[in-house]
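Report on the following structure.
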Amino acid sequence: MRDAPGTRDYDWWLLAILTTICALGVIEIYSATHGSSLAGMHWKQVRWLTVGFVLMFALSRLDYHLILEQAPVLYLLSIAALIAVLAVGHTRFGAKRWINLPGIGELLQVSELVKLVIIIVLARFFTEVRSDELDLRDLIKAALIVGVPVVLILKQPDLGTALVLMPMLAVGAFLAGLKWQHAAVFSLAGILLIGAVFYPPVSRRILK
């Protein structure tokens with residue numbers, strides 16, 4: 001196991017940019033809710049940001065190999081959590097995307113955590129491929145790994161979060177040695193799929 005990182009190992013410029021973006025988010029929430037029935041919502045955002053930063057620095061002290069070793073468990077837990085959302089999730093504005101945290105009284109959007117888990121799972125999968133060029137079978141396996149949570153997230157429905165998972169797959173496959181022939185075929189399939197989604201009879205049904 002490698003030694004835990006010291007303060008010099010952190011990218012402080014990146015952390016400064018991240019903090020600035022988070023601060024802008026809080027200011028926007030304050031601006032949008034000030035003087036309304038939702039006044040004070042920015043403090044809830046501040047509390048969750050504080051929790052997030054604490055967890056971020058805590059995880060940075062761990063050897064990332066330990067996290068990669070737990071990738072299968074994290075993936076299965078993520079799928080189970082997404083199924084739980086569909087079964088007993090909280091519905092708002094016609095979408096069932098949240099689940100109650102017992103004893104806390106807060107709502108958790110599971111799909112946001114699934115994004116992080118998919119990054120870890122794909123990192124382990126493509127690391128274990130160990131080849132200069134990504135085989136078609138491995139590419140299909142990776143697509144299935146991402147496809148299962150994508151389908152479950154689309155069922156909520158949450159098209160935006162589902163689409164975020166696709167670039168993760170594309171970047172991971174590219175870094176793992178994606179062949180240009182496979183890239184061309186999947187790009188064409190993606191274009192056709194997007195075109196089908198925005199085809200009026202289909203889009204009206206999805207947007208409804």
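Nothing in this text is a laboratory measurement; each read-out follows from the coordinates by a stated rule. Note that this is a predicted model, so its numbers are computed, not measured. We place every Cβ from the backbone using ideal geometry, glycine too, and count neighbours over all the protein chains shown.
Values for this structure:
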item	result
Residue-span extension gain [A87 to N100] - 0.36 nm each, minus C-alpha spacing	3.5 nm
Cut-off under 5 Å, modelled amide H: who pairs with K179 long-range	L134
Built amide H within the under 5 Å cut-off of R97, gap 5+	H90, R92
Sites L154 and D9, calculated FRET efficiency, Cβ-Cβ separation with R0 45 Å, nearest 0.05	0.70
Per-residue ³J(HN,Hα) for the stretch 22-38, Karplus 6.51 cos²θ - 1.76 cosθ + 1.60, θ = phi - 60°, Hz, x for Gly and Pro	5, 5, 5, x, 5, 4, 5, 5, 4, 5, 6, 10, 4, x, 10, 5, 9
Residue-by-residue Karplus 3J(HN,Hα) for the stretch 167-173, coefficients 6.51, -1.76, 1.60, Hz, glycine and proline x	x, 4, 5, 5, 5, x, 5
Hz values of 3J(HN,Hα) by residue in the stretch 113-122 - Karplus curve (6.51, -1.76, 1.60), Gly and Pro given as x	6, 4, 4, 5, 5, 5, 4, 5, 5, 5
Computed P(r) (all Cα pairs; the stretch 20-131; 5 Å bins; percent)	2, 10, 13, 16, 19, 17, 12, 6, 3, 1, 0, 0
Potential lengthening between I27 and Q70 on full extension [0.36 nm per residue; Cα-Cα distance subtracted]	11.8 nm
